[in-house]
1. Would you list the strands (runs of 3 or more DSSP E) that sit entirely within the range 1-89 and hold 3 or more residues that are over 19 Å from residue 181 (Cα atoms)?
2. If the Cβ limit is 9 Å and pairs must be 6+ apart or interchain, which residue in the range 127-156 that is within 24 Å of residue 248 (Cα to Cα) pairs with which residue that is modelled with pLDDT under 95 and more than 10 Å from the ligand (Cβ to nearest atom)?
3. Would you mind stating whether residue 97 is over 19 Å from the mean Cα position of the chain (by Cα), free of Cβ contacts under 8 Å to residues at least 12 places away in the same chain and either buried (at least 21 other Cβ atoms within 10 Å of the Cβ) or in a loop (DSSP other than H, G, I, E, B) (or both)?
4. Can you tell me which residues in the range 87-118 are away from the ligand (no atom under 16 Å from the Cβ) and touching a helix residue (DSSP H, G or I) at 6+ places or on another chain (Cβ under 7 Å)?
5. Need the failing condition index for residue 42 against (1) closer than 27 Å to residue 160 by Cβ; (2) modelled with pLDDT under 95, just the number.
6. Determine, yes or no, whether residue 158 is in a helix (DSSP H, G or I) and away from the ligand (no atom under 12 Å from the Cβ).
7. Can you tell me which of 130, 126, 204 is under 18 Å from residue 244 (Cβ atoms), modelled with pLDDT of 95 or more and either in contact with a helix residue (DSSP H, G or I) (Cβ under 8 Å, 6 or more places away or on another chain) or surrounded by 15 or more Cβ atoms within 10 Å (Cβ to Cβ) (or both)?
8. Of all residues in the range 129-148, which are within 11 Å of the ligand (Cβ to nearest atom), outside any strand (DSSP E or B) and either touching a strand residue (DSSP E or B) at 6+ places or on another chain (Cβ under 7 Å) or over 19 Å from residue 91 (Cβ atoms) (or both)?
Ligand code: CAA
């Protein structure tokens, strides 16, 4: 909570398509929203763009794949803003390629950024959430962690790992009014998805029964709901939001 008694939400990877939509939605919901960045130039431009749209976000630098870097960021946030009430573990990268050609560097980069980051950020906020008997941790996974995807052994492993983490942490902190949930988006119209070769992407869209890519605001809407007090009986869940591409 900040000095004006507003709940504080921290969204990692906030400058991306999903992160931006989440920050905007949580801000409209009344949270003090903190974005996180690793690239200072991109962050500065993003903050300016958001300001022009009427959003007043705070930004803190940390490499989410680095435990101590996240620790320093959380200490700074607690000193300057307040305690983190809602953590959205959203930062993620892809390094796609068939496994038989996958380098150790690409494996490590994806596991560290997409999965180790979830440990790093959650670990640094969990004791404060326990102390205040309230918290929301929302992990942004992927349909490809649920079903696998040609060319994504690293990404699918990391994204599947996120939900294993969600289930256990949800059990451990349930009695402290902290919920931990996973959202597994399908293919959303972000830069990450638009970076897939057009012919490959067209084939993927053809597999989506709803017949289109998802919108970033559709994921942000679910984040908003899971963060809310009304969602206090939902924990350890994994919400698929993929246009029917993977039903199970
Ligand atoms: N199933 C079976 N075979 C496939 C295939 C598939 N889905 N896709 C490609 N192939 C085959 C091709 O037919 C080709 O076969 P041949 O060698 O026999 O001709 C071969 O794989 C392609 O070989 P390349 O050397 O070109 O493949 P590559 O190792 O460079 O990888 C790829 C290709 C980059 C993985 C490309 O297929 C691709 O971009 N796929 C999409 C991956 C994807 O969906 N990424 C999601 C990114 S967005 C995201 O991750 C957000 C989210 O959460 C959803």
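1. On the way: elements: 8-11, 32-37, 58-61, 86-89.
Qualifying strands (runs of 3 or more DSSP E): 32-37, 58-61.
2. Every condition considered, the pairs that remain are 146/248; 147/248.
3. no
4. 87
5. (1)
6. It is false that residue 158 is in a helix (DSSP H, G or I) and away from the ligand (no atom under 12 Å from the Cβ).
7. One residue alone meets the criteria, 204.
8. Our first condition is that a residue be within 11 Å of the ligand (Cβ to nearest atom); within the range 129-148, this holds for 140-148.
Still in the running and outside any strand (DSSP E or B): 141-148.
141, 142, 143, 145, 146, 147, 148, listed by residue number.
The values are calculated or read from the model by the stated rules, or taken from the named source; none is laboratory data. Only a predicted model underlies this, so the values are computations on that prediction, with no experimental measurement involved. With ideal geometry, Cβ positions are generated from the backbone for all residues, glycine too; neighbour counts draw on all protein chains shown.
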